[in-house]
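Worksheet: one structure, shown below.
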Amino acid sequence: MAELSYLEIVGIIWLSLFVLKLLLSVLRGLWTTCLAHRLGFGIKWKPGDHVWAVITGATDGIGLQYAKQLAQKGYNLVIISRSEDKLMATQKSLLNDYKNCKQVKTIAVDFNRTDIYDKITRELSGVEVVDVLVNNVGTLSRCADYFLDIGSQMNETYFKVNMFSYIRLIEIVLPKMVQQNRGIVINVSSQTALAPVPLMTTYAATKAFITFLSEGLSVEYESKGVTIQTVMPSMTKTK
């Protein structure tokens, strides 16, 4: 049997660790989506007349589906997105289709701006109990490209929308959750967070940031009654 070179040994170790990490991610996904709930370890949803869920990017795709599911469970909703018209249409649809949902508030803001968070804080100050936060808003360039060709403006947009918005919404909502010793934060990441993705480098890096942010906060606030999850979907048609 031929003796393995140093580089071959390093390569085998790296590949083994990557496969192990991927396997653990799959097992964690199965536990979260299937086994935990069946065995009684899943999230205990507790909607009520004065209990609210806050959802960003709530008028399309994954965010809209979260809004529908939470409305069906009986949560009051605060839906946050950029288009006032789409927010109004979504609000009307949710109230018409889900009678368990008594109230739907809307906040129209552009997450590509950093001066919006005082407005969000004011709007949420009148909400009695924030039980769920779904950080879903995100942006992606229309085409894959080299890092230097994406341009500083798009990279700045990635930072503001895909990263900074998650931090600020958690900062706004988390104190109430800690005070009431209960809360659920769901941060929508992506499968691109699992490994570097050339030609989508910045986007994938922002999703890796979300994943690590969630994992760290989960450890910090588990003892305070707050559950923090990461959702890592693959390619999704959102329009």
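Restricting the first member to region 144-156 and to residues that are under 23 Å from THR114 (Cβ atoms) and surrounded by 14 or more Cβ atoms within 10 Å (Cβ to Cβ), and the second to residues that are at pLDDT below 90 and among the small types (Gly, Ala, Ser), the beta-carbon pairs closer than 7 Å and six or more apart or on different chains are ILE150/SER141; MET154/SER141. Every test in (1) in contact with a Gly (Cβ under 9 Å, 6 or more places away or on another chain); (2) touching a residue at least 24 places away in the same chain (Cβ under 8 Å); (3) under 28 Å from MET232 (Cβ atoms) is passed by GLY61 save one, and that test is (1).
All conditions in (1) out of contact with any strand residue (DSSP E or B) (no Cβ under 6 Å at 6 or more places or on another chain); (2) buried (at least 17 other Cβ atoms within 10 Å of the Cβ); (3) under 30 Å from LEU199 (Cα atoms) hold for LEU174, with the sole exception of (3). For region 188-239, filtering for residues that are part of a strand (DSSP E or B) and either among the β-branched types (Val, Ile, Thr) or at pLDDT 95 or above (or both) leaves 6. Return the only residue of ASP131, ASP115 being in a loop (DSSP other than H, G, I, E, B) and either assigned by TED's automatic domain parsing to the domain that holds THR211 or closer than 18 Å to SER190 by Cβ (or both). Exactly one residue qualifies, and that residue is ASP115. The residues of region 118-139 that are more than 30 Å from ALA204 (Cβ to Cβ) and not hydrophobic (A, V, I, L, M, F, W, C), listed by number, are ASP118, LYS119, THR121, ARG122, GLU123, SER125, GLY126, GLU128, ASP131.
Of the residues making up region 192-225, just one is hydroxyl-bearing (Ser, Thr, Tyr) and either outside the structural domain of ASP149 (by TED's automatic domain parsing) or loosely packed, with under 15 Cβ neighbours inside 10 Å (or both), namely SER223. Among residues that are at pLDDT below 85, of a type outside the set (Val, Ile, Thr) and in the same structural domain as SER190 (by TED's automatic domain parsing), GLY48 is included. Checking each residue of region 182-191 against the condition of being touching a Phe, Trp or Tyr at 6+ places or on another chain (Cβ under 7 Å), of a type in the set (A, V, I, L, M) and either crowded, with 19+ Cβ neighbours inside 10 Å or in contact (Cβ under 8 Å) with a residue 40 or more places away in the chain (or both) gives no match. Set side by side, the residues SER93, SER141 differ, and just one is polar (S, T, N, Q), surrounded by 13 or more Cβ atoms within 10 Å (Cβ to Cβ) and assigned to a loop (DSSP other than H, G, I, E, B), which is SER141.
The values are calculated or read from the model by the stated rules, or taken from the named source; none is laboratory data. Only a predicted model underlies this, so the values are computations on that prediction, with no experimental measurement involved. Every residue, glycine as well, gets a Cβ built from its backbone with ideal geometry; the counts of neighbours run over all protein chains shown.
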